[in-house]
Amino acid sequence: MELPRRARGDELLKPGEMTSLRRRLRLLAARHDVTAVVACAFDHRTRMLPFIYAARRMAPAGARAIGSAMVDAGFEKTRVVLQQWNPNFRPSRMRVEGRIPDIFMVSSMQIHSACCKELIYDACGIDPGHRPLIIAGGPKTVYEPWDVFNTDPADRWGADVAITGEEYVLLSLLEALLQLRAGSESLRSTFIRARNSGMLDGIPGLVYARSRTDGVAEELVDTGIQRLLGDLDELPHPATGYRLLERPSHRAGLAARPLEPGEVRRYSPIGSLVLTFGCKFACPYCPIPAYNQRQHRVKSGERIVDEMRRLNIEYGISRFFGADDNFFNHRKQTMAIVDTMARAQIHGRPLHRVVRWGTEATVHDTLALRDDLPMIRAAGLCALWMGVEDMTAHLVRKGQSVNKTLEAFQLLRRRGIAPMPMMMHHDDQPLYTPGGPYGLLNQAAMLRKAGAISFQVLMLSPATGSSLYAGAYRDGLAIDSAAGRIVEPRMMDGNYVVASRARQPWRKQLNLLIAYLFFYNPIRFFGALLRPKNNLRLYDAALQVLGMWGVCQTVRRTLGWALRLMFGTVVRRRRVPSSIVPMRGVNGEPASHALSTAPVPPLVQVGTGAPSPGVLAAGK
């Protein structure tokens, strides 16, 4: 299910294209009084390890970046609503300056798609004469855009258009609409005219419906794979987005004003920033390389310093997370960034004494930069989330091994950088291996001894956009239900065992809980406090407290699923999720975002929870 690649040499926008588009839109926006609301869908049932703290204490970059882009393009009357903070928000009740917004946008991950649909459904209940243009985007829509459109004539709802790309695609759509808009015509009416005339077909990164008069989609038109922004310095500044955040509350509508700048740090003490995109590894379970068209995209060190400086001065934020795919992916580019950061100052003080930041990298690339770690630490890096997955490299080979992983962790600890391993549990891995390093608990113990501050372990699950996704269904590994409980989108986060060829998948579910309880517990908390004094001791103890709280929530939410897998009938799904509405490209070619709809066998019911012998063989 990997996204197809554009023609070689045509993957990226030309330098300056994003800047020129932003400038043109400001001129257009000055002639149109456009209001907009950007909502970030969030299912609160997903609040558990490993993201239980960050889920509500770090305003996500996606919806906030869209808000920044809107204001930068001249649409000042924009509000960003986070369902993390506003669980009762209803689009039908939203008002900006006393009127229903012209545009309602919703961004969603796959695990939050149920809430995304609820928001779209509610927005569709607005009187047709005042209904806003509904735009869906985010990771869910990038890979499964069909899921936000209506197919039921008895229950009319659905987005008007899905964006399968980044800010440039949205701004290109708005430019096309504002050039066509007549007087005070609603933007939704303008969109319908533009859609029907084919004016949107030349904007890669859109999916829209061709409908009958009753609003039911007859077919979906896919305009193709987006062109990516290569120079991330051309992005609008993230500081703008923070002043658009809706104040946390339980109200259904919007407050008269967004959150005050002085209050932002109270609710979002961690700032999420985009530093780089892309990874040189091609792990079959990961959609990142294909999404990035095998490109590595970066911001300059000067731009990163400016973002941290402004966010610190304007909002008081001093802790940042770099939303990277692999920050150490390219040594020369990485060192150019950290060299600038190490020399930078905020308020006349070195940057690393004012702010702290963390990001993601691999074991292989960390060791490749072993001699540069002092400079990297001087740039303010204090925590590194490491994509270890499996120390023995049975699951995937990314240049890691037991010895290399332990060496990398020890190097980081000596430099004052907290190593934060990210692990994957899989069917072939036992809970414990006597005298060996293969078992999940064996690896957790070694990582802890080597200095791991936190611990993240998720079950290998079919990820949309990855090369393994379709095979997990066709091979009968995907679970459709257990004891009558259907697998919901919110359960696709790796905390639930939803795909396994194990005959007793409940064991894998319990393994995850046991591993967390092994790493986060009162004994390790007191052990962290009593360690010889070092600059990570209190940080270690604090994360033990957060981890124990997270374990309680994870057990509460997933133990019931383990019992269903243990005692109930497990039904496996062999039909790959795909659009039930025909999809096509703009010139009749296959749609870039469609999956194969070849006939497949029906659901297979197996009382033990195991796939058939033929499926087991295929899974191996």
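The values are calculated or read from the model by the stated rules, or taken from the named source; none is laboratory data. Worth saying up front: this structure is predicted, and the values here are computed from it rather than measured. Using ideal geometry, Cβ is built from the backbone for each residue, glycine included, and neighbour counts are taken over all protein chains shown.
So, in the range 394-442, how many residues would count as being of a type in the set (A, V, I, L, M) and more than 24 Å from residue 540 (Cα to Cα)? Matching residues across the range 394-442 total 3.
Look at (1) touching a strand residue (DSSP E or B) at 6+ places or on another chain (Cβ under 9 Å); (2) exposed (fewer than 15 other Cβ atoms within 10 Å of the Cβ); (3) charged (D, E, K, R); (4) on the phi < 0 side of the Ramachandran plot and you find that residue 64 fails only one, number (2). Of the listed requirements (1) of a type outside the set (Phe, Trp, Tyr); (2) within 10 Å of residue 363 (Cβ to Cβ); (3) modelled with pLDDT of 95 or more, residue 400 misses just one: (3). If you go through the range 245-288 and keep only what is among the small types (Gly, Ala, Ser), over 28 Å from residue 468 (Cα atoms) and within 25 Å of the chain's Cα centre (by Cα), you end up with 249, 268, 271, 272.
Within the range 166-186, no residue that is not assigned by TED's automatic domain parsing to the domain that holds residue 31 sits with its Cβ atom under 6 Å from a residue that is aromatic (Phe, Trp, Tyr) and modelled with pLDDT under 95 at 6+ positions apart or across chains.
Yes/no per residue for (1) modelled with pLDDT of 95 or more; (2) farther than 30 Å from residue 17 by Cβ:
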| site | (1), (2) |
| --- | --- |
| 219 | no, yes |
| 229 | yes, no |
| 235 | yes, no |
| 240 | yes, no |
| 246 | yes, yes |
| 251 | yes, yes |
| 264 | yes, yes |
| 271 | yes, no |
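Looking only at the range 434-456, decide whether some residue is modelled with pLDDT of 95 or more, among the β-branched types (Val, Ile, Thr) and farther than 24 Å from residue 3 by Cα. The answer is no; no qualifying residue exists.
Considering the range 462-477, and only residues there that are more than 17 Å from residue 427 (Cβ to Cβ) and assigned to a loop (DSSP other than H, G, I, E, B), the residue that is farthest from the chain's Cα centre (by Cα) turns out to be 467. The requirement of being in contact with a Pro (Cβ under 7 Å, 6 or more places away or on another chain), under 28 Å from residue 146 (Cβ atoms) and of a type outside the set (S, T, N, Q) is not satisfied by residue 66. Of the residues screened, residue 560 is not one that is in contact with a Gly (Cβ under 9 Å, 6 or more places away or on another chain) and either closer than 30 Å to residue 45 by Cα or not assigned by TED's automatic domain parsing to the domain that holds residue 49 (or both).
State which residue pairs qualify: first residue more than 11 Å from residue 229 (Cβ to Cβ) and inside the range 13-39, second residue of a type in the set (Asp, Glu) and modelled with pLDDT under 95 in any location, beta carbons under 8 Å apart, and separation of 6 or more residues or different chains. That search, which allows pairs on different chains as well, returns 35/97.
For the range 84-101, indicate whether the set of residues that are within 23 Å of residue 323 (Cα to Cα), touching a Ser or Thr at 6+ places or on another chain (Cβ under 8 Å) and touching a residue at least 60 places away in the same chain (Cβ under 8 Å) is non-empty. Checking the range 84-101: at least one residue is within 23 Å of residue 323 (Cα to Cα), touching a Ser or Thr at 6+ places or on another chain (Cβ under 8 Å) and touching a residue at least 60 places away in the same chain (Cβ under 8 Å).
Every residue, every condition in (1) of a type in the set (Ser, Thr, Tyr); (2) surrounded by fewer than 17 Cβ atoms within 10 Å (Cβ to Cβ), yes or no:
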position: 252; (1), (2): no, yes
position: 261; (1), (2): no, yes
position: 270; (1), (2): no, no
position: 290; (1), (2): no, no
position: 300; (1), (2): yes, yes
position: 307; (1), (2): no, no
position: 312; (1), (2): no, no
position: 315; (1), (2): yes, no
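For the range 189-196, indicate whether the set of residues that are on the phi < 0 side of the Ramachandran plot, charged (D, E, K, R) and surrounded by fewer than 19 Cβ atoms within 10 Å (Cβ to Cβ) is non-empty. Looking for residues that are on the phi < 0 side of the Ramachandran plot, charged (D, E, K, R) and surrounded by fewer than 19 Cβ atoms within 10 Å (Cβ to Cβ), one finds at least one in the range 189-196, hence yes.
Residue count for the range 573-585 satisfying the condition of being of a type in the set (Val, Ile, Thr) and within 17 Å of residue 211 (Cβ to Cβ): 2. For the range 182-206, taking the residues that are touching a strand residue (DSSP E or B) at 6+ places or on another chain (Cβ under 7 Å) and assigned to a helix (DSSP H, G or I), the one that is nearest to residue 129 (Cα to Cα) is identified as 188. Scoring residue 85 on the criteria (1) buried (at least 24 other Cβ atoms within 10 Å of the Cβ); (2) under 26 Å from residue 315 (Cβ atoms); (3) not β-branched (Val, Ile, Thr) leaves a single failure, condition (1).
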